[in-house]
1. Can you pull the percent of the chain's accessible area that's carbon plus sulfur, 1.4 Å probe, other chains left in place?
2. Rounded to the nearest 20 debye, what is the charge dipole size of the chain about its Cα centre when +1 sits on each Lys and Arg Cβ and -1 on each Asp and Glu Cβ?
3. Taking a ≥ b ≥ c as the square roots of the eigenvalues of the Cα gyration tensor of the stretch 50-127, is the shape rounded (a/c under 1.5), prolate (a/b larger than b/c) or oblate?
4. Which longest uninterrupted range of the chain lacks any GluC sites (Glu not before Pro) assigned by DSSP to a loop state (not H, G, I, E or B) and surrounded by at most 11 other Cβ atoms within 10 Å?
5. Taking amide hydrogens as modeled 1.01 Å from N in the peptide plane, which residues meet the under 5 Å criterion relative to VAL33, leaving out close sequence neighbours?
6. For the stretch 74-119, which trypsin sites (Lys or Arg not before Pro) are in a loop by DSSP, counting at most 14 other Cβ atoms within 10 Å?
7. Roll a 1.4 Å probe over the protein chains and send me the accessible area per residue for the stretch 1-96 in Å².
8. What fraction of the DSSP beta bridges in the chain is antiparallel, stated in percent and rounded to the nearest 5?
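The values are calculated or read from the model by the stated rules, or taken from the named source; none is laboratory data. On a predicted model such as this, the values are computed, not experimentally measured, just so you know. Cβ sites come from the backbone with ideal geometry, for glycine too, and all protein chains shown count toward neighbours. Only protein heavy atoms, including side chains, enter the accessible area calculation; ligands, DNA and RNA are left aside. Shrake-Rupley method; radii C 1.70, N 1.55, O 1.52, S 1.80 Å.
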Amino acid sequence: DTVRVAHRLPGIASSEFSARSHVRGGAADEMLVLVDGVEIVEPYHLRDYEGLFSIIDQRSVSSLQIYSGGFPAEYGRALSGLMVIEPRVPTKVAHEVGVSLLHTSLLSSGTFEAGNGTWLASARRSNLGDILNNDRGDPAYHDLFLHAGIDLAPRHRLTFGRLGFDDDVVLTSS
């Protein structure tokens, strides 16, 4: 999982169950999470149930930077921690399908305009409802990450992005 990488670093604590991190004794909501420069307030699926998984497919990530103190000035609004996630920049056309106990995923990426433009699309759908006992409920989640960019000049790039996700937990009583 993308954000669980931080759990192995010094100064970061977490429970084994949750994807949320506590940096230097701070609360989980004190970590600023930026995806492609945009702040994500709750980057977790099933956030009312310990935030089990991140909303970012690790295959779409190029780099992940964790700051547990001494933030650069541009990130001055971070309280106890900062996580900066940058999307991967494709170099060729590639398509992937993934199936696991947790989710089914599709990833497509590539270039256009002789390499001056790139696209990346990632979609995941939960498999939890298919593997869990449905007598108690049906948890589900899905996410979508779209990113496209084109070089306008040697030092100028125009990018478009979309990140969408949803959780749905239906509890039933017996």
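1. The C+S portion of the solvent-accessible surface of the chain is 54 percent.
2. My answer is approximately 580 debye.
3. Since a/c reaches 1.5 but b/c is at least a/b, the shape of the stretch 50-127 is classed as oblate.
4. Between exposed loop sites, the widest span is 17-112.
5. Counting only residues 5 or more places away or on other chains, the set is ILE40, MET83.
6. ARG77, LYS92
7. It amounts to 53 Å² per residue over the stretch 1-96.
8. The answer is about 90 percent antiparallel.
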